[in-house]
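Just below is one structure, and these are the notes that go with it.
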Amino acid sequence: MSWRLLGREPEVELLTGILDDTAAGAGGWHVLTGPPGIGKSRLLQAVFELAAQRDLAVATREAFRLDQAAPLVTLAGALRDCTTETSAFAWLTEHEPERSDPLGTLQRLRTSLEQATRERPLLIVIDDAQWTDELSALAIRELIPALASAPVRWLFAHRPPSTEDRDSPGHQLMRWLLRDGTPPIRLNPLADPDIAELSADVVGAAVDNTVVALAASCLGNPLRTEQLLRALVATRQLVVARGVGSVVGDDLPSSFVDSVRELLDSLSEPAAWLLRSASVFGRPFGVDEVARLSGHPLTRLYPLVGEAMTDFLVEDTLGGLAFAHDLVRQAVYSMLPRPMREQLHREVAAITSDAGRPALETAEHQLKSGPSGAGAAVRMVRSMAREIARVAPGAAADIMLRALPAVDAGDPDRPVLIADTVGLLASAARLEEARRLGGEALGAGLDPDTEAVLLLGLAEACKHGGLNTMTVEYTDTALRNPRIPAGVQARLHAVRTHALCYLGDLAGADDSGVRAEALGRPAGEYGAVVFGLAGRSLVAYTEGRLDDSLAYARSATELADQEGGAAAHQHPRIWLGGALTALDRFDEAEQVIRTGRRESDRSGSAWADPLWHYFQTALLYARGRLEEAAVEAQSGLAVAEQHEANALAMPLLGMLLRIAVRRGELSRAQDHLDQVRRLAGDGVTAVPEDVLWAEAVLLVATGAPKAAFDLLRDLYAGLADRPALFAADPAAAAELVRLARDTGHLGEASIVVAAARRLAERNPGSHSAAGAAEHAAGVHHGDLARVERAVAEFRLANRPLALAAALEDAASLGGDGYQEALSIVTGCGAERVRARIEAVLRARGAVAPEPSAPPAPCLPQLSPAERRVAIEVGRGGTNSEVAEILFISKHTVDAHLRNIFAKLGVRRRAELAALVARECGPTT
Amino acid sequence: MPPSALRTPVLVAGAGVVGSLTALELAHHGVPSMVVERADRPARIPDLLLINGRSMELLRRLDLTRDLRAAGLDPDCPLDFLWSAGIDRPPALQWRLPPVATLRQAYASTTDGTAPIEPYLLISSPGLIGRLRRALRGHPLIDLRTRWTLTEVEAEADTVTATVLDAEAGARHFVEAGYLAGCDGADSTVRRCAGLTLEELGPPAPHLILHFRSPTLAARWANPTVAVTGGTTVITGHDGDRCVAYVPLTADEQAALANPADLLQDRLGVAEDPSRIVTVVQRAGVPSVARSYRRGRVFLAGQAAHQVETPGDDLATCIGDAVGLGWRLAAAVHGWAGDRLLAGYQTERRRQALADREHAVRRRATRLRLQRLVESGVDGAALAAVLRNGPAQLDPAGTGPAELAGVAGYRPPAFRLTGGGQFFDRLGPQFTLVDLTVGQDGYPLVKAARTRGIPVRHLPLAGAPTPAAWSGRLVLIRPDQVVVWSADGPPIDCDGVLDEATGARSRLYENT
């Protein structure tokens, strides 16, 4: 079935342009959309020819329905068969490397792609992308931004979703790609003249109006047209006389299925049977597989295959057979009587299993092989639940969900099955479904242990999704039963610690942390102990007990290092890094974060990614490196969104908001705020220090101090108990005092002063805390000496932004400091403050001298961090290599590179390299 | 013109409902025709059709009703309509179409003339077409050629030549005709040959029509039943274990086309084995109407000229097309009417198609509303009110609004003559002047008509028990039982009246 490409001139022109661009080294992605049979695959064939002419490497896969059961098969399949001789993807031919270590595999994929595209631009085409498996979908979400600056061009063809499958990983991926409103390349029905030409091609002769009129009933869909005409020819209802074809039949097929049926009926009985049984595979299949299924020897089968090839089958690149179009396969399949269908699925399940194909594929067939098969499918999924939960939780959950109705309501195993399914749904971030199903199971009455495990799964899922209140509800329900195993109790308490901490119940949180440790240690549940300690560290930090915070995080880290396993997977270095930053121990923090991040990458703990970004952002912010901090937070936000880790998106957005205000980008800050509001609207909660404070900063900046004060009224009241804000942002104390005074709230100003003093007293070693206390008091009382003491403390703390703020305040009290403050804020990129100080200086008639500028660097448009990245990329490093060299995350390199491309107006790495070579001289 | 050409006054393409009735209408006026039809037997799609009372009146003129009723559903059996939130759920709303026998009695006791003289008929489409074909075969003026396919049309100023392929013999023929009636359905070849195009009137409403066997479903209700659930409509109990499901699809559900069995299960929860699905019909459901119904001597009628979202809803309009085209073409062939009368065909029938569309839109809105309410569990009384206050979902009479009865452009009121016979049965095949005057004052008009060769039956009915709505003592009625002119005395300008009657008076409006 390969009609000429008709009527697609505009699309071909567009795609030709895209390929020319790719050949010139520019990357990007495109989505091709249209209903099944409209000619997407045919158009892609033309694209492959164009790509070959341009000497592009092409990696392509036509996904099929069962891709969804095979982790990474869509993407790995494409790359494995890359047209270019490249060793970069050789490792993918090894047997399912992805299963043992999915996230490690993603890292490796990225590196391989970077390697491969160094040699030659690469076109990756995924046809029928709606069937992309979930691990591939995840990988593509990761790789597209990661490779944005590499000469990799992605082309996805997909059909619009139906109500049933709109949440499949493939469709979600397409929605994600098109989320910013980029229109897809839409394939419309063919026009009448094209359909007439197509008809003539199919019939092999000129056709008259009877044919054209009837073909028009297929509404410009080439596949349907072709099937209809073939059926007519096969049933002799379309005859060619004197070189012209006419429809003369009196029993015209009235639908696509009927056309396929007619065509099938025109084959010999054994050939038709071969097709019927092969339709069950749902994927390309080997002749040997059909032989086994049909019980025919291979020799007898070949002539039948030959017969079936004409109208139904095509040979794929690997020598397997496939239906020419999935819609045709479905139509053939739909005609199988149910008992026969079930029998065939049973046999195909055995064949699939023997061939060592993915377990979910086998389970899928078992599921369709009748009521007894559902049990087998469930056993299959459960036997490898842990493994599957990491690579294909969604597909596995779907199988379980479909099997559940077949499991008797009175079946004693049913609750456990539901609990497992809830766990899988939670792993797949399908929170709403997990909660619904979980609720149903809980209502049905479970044995206490199962119920506790189920509640734990739900609590963890809710925690991940940022639904802290619900997390606490679930843990409390579970913990109401004192007889559940201690290990489970420990885990429940550990989750509860974090949730309560977010909800502001610090005492309760700490109490749960204590219990997690007390119950977890004897039970050997070290993961819970570590997570509980991490929670206590967070509580201590929030309460301003910075040394305690450090001590808990440190003991968690030691335990994790000692026990490994689940304990290590909690990555307590995240909180250790945070505690160290709060204590101004920046170099140690950086070291800890770097080590922790490397471990986390190695173990594939994707959940931790946004957290690393957050604490790295906090560190950069503390060091006054605003632009880098913004990039870091932005990358973290992208990762959080990819994993739908909404709880982590909030603090990152808060950081971005504050940074944007400091840099004077108020409209961007407003965008971040809008995003915060959207998440909050979805029920995602955040701690006040993260978002309320950030919003207030924006309000002050936009000249609405009264609104800012109103927003913070509760925060003021609570400062005595939770002065965490001062630990994160020591200059905030004085800012809060000023805000309170400016709006006439002297009482609140005093509260701030007292709270800052208390924090300083509690943390005698902290220069930041001491500085914050002096700064707040100094501003409150207009006491220059105190502000100057704050300057001294901040200088010791090495916090440039706080120092600049204190200097500015000192200057306004008659001290000296504007010049130094100006130079600091200029260096930090704190544009708003810079503008303010300059205005003051201008008003005083003092001319702000140009800060003693360092020798002008090359590519002055770039920030220092960007320049470092640009130079490394100019040297030919891949993003992964640059990340290694510069000790920053790959996501951050990606983000920097996007900014660099935008600032320099280049679109290709080669252009950048040339620019770097010209502007920055030899860099090796 | 090749010497071997066959000749006929009117060539009719297609022997479906519209083609057959066009030929029978022509024959009713004494005009021979040739009917070419690709298929040898009725299509395999056993749709259940409802022919409303008004259409039955028109068929009664052609002496078809007795024969058709013999092939129809049991006249003592009602048709139940059920709305429910699921096929297994108790119905939230019920409505019953009374049996034919009941309506016949009710109509007999209606005295205002609005009741049709024939009740509706439920009949399967193969049953209807089979009977019509038999009538074609039995008629001496009609030359039915099945397995003949029209492939090309060449129109000249005073003839149309069609190329026709005889599939059986593998031979090609040329048919020279005075007129060509394209009654060849939605995928009309004639339309394409004539270069006539459709105008889309609304968004497509694609759907599948699934014909399947289900003994359980067919036996679920005592009477033949139309069950509406979640937008899907199932008709059962009308034809043994055969059921028909109308399943709307969204534009994005085209993939479902390949797996109707699963679709059936999804939508209805009916787990029928695929082998029990007899036929699947796929429709684009694009409401559309031909921009023009005519090019020279080539005319379109029925679904070649207009299509509605839901098939079957347009049957009355299709029958009206056939009758309207038939009598006008007959007049043209007989030579007593000119081009103006033919032009009136498009004006009237296209307007009717557009009115159908408007009505369908309103009906659909009510249907969707009902569906939503049923799903939300609103009580039966509220649902009944929606059904009552909305546009009629089904009108078994089809005689139009009572206040327009007898008005020019509409059906005259029906009544029984003193002897017991129906007044309608006394109308002539051509024009009829109903004359209630004692002195037969209408005679000058009849005479004037006959002078011009216009056939008019003079029907003196002085003292007849006409209903109150009767519009005048002299009423001129068209062949399709539509009032053209009425007055209490003879016209001063007889020719003016006749001009109007045979011409395309723009305000003439017909409701069949």
Once amide H atoms are built 1.01 Å from N in the peptide plane, which residues 5 or more positions from B:ARG7, or in another chain, come under 5 Å H to H? B:GLU176
Taking all protein chains in place and a 1.4 Å probe, what share, in percent, of the accessible surface of the range B:402-502 do carbon and sulfur account for? 52 percent
Non-local residues with an amide H under 5 Å from the amide H of A:VAL207, with H modelled 1.01 Å from N and Pro and chain starts lacking one, are A:GLY245
Going residue by residue through the range A:239-252, the Karplus relation 6.51 cos²θ - 1.76 cosθ + 1.60 with θ = phi - 60° gives ³J(HN,Hα) values, rounded to whole Hz and with x marking Gly or Pro, of 10, 9, 10, 6, x, 10, x, 10, 8, 10, x, 10, 9, 6
Once phi is turned into θ = phi - 60°, what whole-Hz ³J(HN,Hα) does the Karplus curve with 6.51, -1.76 and 1.60 give for every residue of the range B:223-233, x standing for Gly and Pro? 9, x, 9, 10, 10, 10, 9, x, x, 8, 10
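Sort A:540-548, B:493-501, B:432-440 for me by packing, meaning the mean count of neighbouring Cβ atoms within 10 Å per residue, highest on top.
Values: A:540-548: 22.2, B:493-501: 16.2, B:432-440: 18.7.
Ranked by mean Cβ neighbours within 10 Å, highest first: A:540-548, B:432-440, B:493-501.
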Under a 1.4 Å probe, what is the accessible area of the protein assembly as shown per residue, stated in Å²? 38 Å²
For A:LEU796 and A:THR595, what does the FRET efficiency come to when R0 = 35 Å and r is the distance between their Cβ atoms, rounded to the nearest 0.05? 0.85
Most positive-pole-ward Cα, A:ASN879, A:VAL906, A:ALA917, against dipole of the range A:864-920 from beta carbon charges: A:VAL906
Counting only helical runs of four or more DSSP H residues, what would the 222 nm mean residue ellipticity of chain A come to if each run contributes -39,500 (n - 2.57) and the total is spread over all its residues? -21000 deg cm²/dmol
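Please report the carbon-and-sulfur percent of the accessible area for the range B:207-283; probe 1.4 Å, protein heavy atoms only, DNA, RNA and ligands left out.
Values: 1160 of 2450 Å².
Carbon and sulfur atoms account for 47 percent of the accessible area of the range B:207-283.
Can you check what the net charge comes to around A:GLY443, using other residues whose Cβ is under 12 Å from the Cβ of A:GLY443 (Lys, Arg +1; Asp, Glu -1)? Show your work: numbers first, answer last.
On the way: positive: A:ARG436; negative: A:GLU440, A:GLU451.
Spelling it out: positives minus negatives among the neighbours equals -1.
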For the range B:402-502, how big is the tail of P(r) above 16 Å, as a whole percent of Cα pairs? 51 percent
Just want to confirm a number: the relative contact order over the range B:462-501, from Cα pairs under 8 angstrom separated by 6+ residues, in percent. 31 percent
Over all distinct Cα pairs, what is the inverse of the mean 1/r for the range A:9-186, reported as the Kirkwood hydrodynamic radius in Å? 16.1 Å
What is the spin-label model distance, in nm, from B:ASP425 to B:VAL438 if the labels are put 7 Å beyond Cα along the C-beta direction? 3.0 nm
The answer for A:TRP29, listing residues at least 5 apart or on another chain whose modeled amide H is closer than 5 Å to its amide H, is A:TRP154
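Please give the total accessible area that chains B and A bury against each other, computed with a 1.4 Å probe and expressed in Å² to the nearest 100. All intermediate terms of the calculation are to be shown ahead of the outcome.
Details: alone 21240 and 36650 Å², together 54410 Å².
Separately minus together, B and A give about 3500 Å² buried.
Can you tell me the length gained on complete extension of the stretch A:ASP721 to A:ARG875, counting 0.36 nm per residue apart and subtracting the Cα distance? Can you show the working numbers first?
Working: separation 154, 0.36 × 154 = 55.44 nm, distance 5.21 nm.
Gain on extension, A:ASP721 to A:ARG875, equals 50.2 nm.
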Pairs of Cα atoms under 8 Å, at least six residues apart: use those to get the relative contact order of the range A:267-336, whole percent. 39 percent
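Report the local net charge at A:TYR526: Lys and Arg +1, Asp and Glu -1, summed over other residues whose C-beta lies under 14 Å from its C-beta.
-3
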Provide a whole-number value for the mean count of partner chain Cβ atoms within 10 Å of the Cβ atoms in peptide B:276-285. 5
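Extension gain A:ARG242-A:THR299, at 0.36 nm per residue separation less the Cα-Cα distance, in nm?
Working: separation 57, 0.36 × 57 = 20.52 nm, distance 4.06 nm.
Going from the current span to full extension adds 16.5 nm.
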Translational diffusion coefficient of the range A:455-522 at 20 °C, 1.002 mPa s, Stokes-Einstein with Kirkwood Rh over Cα pairs, in µm²/s as a whole number. 188 µm²/s
Between A:GLU164 and A:LEU178, what length comes free when the chain is fully extended (0.36 nm per residue of separation minus the Cα-Cα distance, one decimal in nm)? 3.0 nm
Rg and Dmax of chain A, Cα atoms only, in Å: 32.1, 108
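When the accessible area of the range A:19-163 is computed with all protein chains present and a 1.4 Å probe, what percentage of it is carbon and sulfur?
Working: 2190 of 4430 Å².
About 49 percent, which is the carbon plus sulfur part of the accessible surface.
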Return one number: the angle in degrees, 0 to 90 and rounded to the nearest 10, between the long axis of the Cα atoms of helix A:431-443 and the longest principal axis of the Cα atoms of chain A. 90 degrees
So which trypsin sites (Lys or Arg not before Pro) in the range A:778-845 are both in a DSSP loop and have at most 12 other Cβ atoms within 10 Å of their Cβ? A:ARG844
Using r as the Cβ-Cβ distance of B:GLU168 and A:ASP447, and R0 as 60 Å, what FRET efficiency do you calculate, to the nearest 0.05? 0.20
Which aspartates and glutamates does B:LYS447 reach when only Cα atoms under 17 Å apart count, and residues fewer than 8 places away in its own chain are ignored? B:ASP435, B:ASP493, B:ASP495, B:ASP499, B:GLU500
So which lysines pass the test for A:LYS40, namely a Cα distance under 30 Å, with those fewer than 8 places away in the same chain ruled out? A:LYS368
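When the helix-only estimate is applied to chain B (DSSP H runs of n ≥ 4, each -39,500 (n - 2.57), divided by the residue count), what is the mean residue ellipticity at 222 nm, nearest 500 deg cm²/dmol? Intermediate values should be presented prior to the final figure.
Working: 13 runs with 156 residues, N = 512.
Taken over chain B, the calculation gives -9500 deg cm²/dmol.
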Around B:CYS318: net Lys/Arg minus Asp/Glu count, Cβ-Cβ under 12 Å: -3
Helix B:339-376 versus the longest principal axis of chain B: what angle, 0 to 90°, nearest 10, using Cα atoms? 20 degrees
In order over the range A:690-704: 3J(HN,Hα) from phi, Karplus 6.51/-1.76/1.60, θ = phi - 60°, whole Hz, x for each Gly or Pro, gives 6, 10, 5, 4, 4, 5, 4, 4, 5, 4, 4, 5, 8, x, 10
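Let me know the mean shielding of A:254-262 by other chains, meaning the per-residue number of their Cβ atoms within 10 Å of its Cβ. Walk me through the numbers before you get to the answer.
Working: counts 11, 11, 7, 13, 7, 2, 1, 3, 0.
The mean count of partner-chain Cβ atoms within 10 Å per residue comes to 6.
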Buried on assembly, the range B:37-55 (at least 50 Å² less accessible surface than by itself, 1.4 Å probe): B:ARG38, B:ARG41, B:ARG44
Using alpha carbons only, how many degrees (0 to 90, rounded to 10) separate the axis of helix A:192-203 from the longest principal axis of chain A? 50 degrees
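The values are calculated or read from the model by the stated rules, or taken from the named source; none is laboratory data. Treat the numbers as computed from the prediction; the structure is a model and nothing was measured. Please note: Cβ atoms are built from the backbone with ideal geometry, for glycine as well, and neighbour counts cover all protein chains shown. With ligands, DNA and RNA removed, areas are computed over all heavy atoms of the protein, side chains included. Shrake-Rupley method; radii C 1.70, N 1.55, O 1.52, S 1.80 Å.
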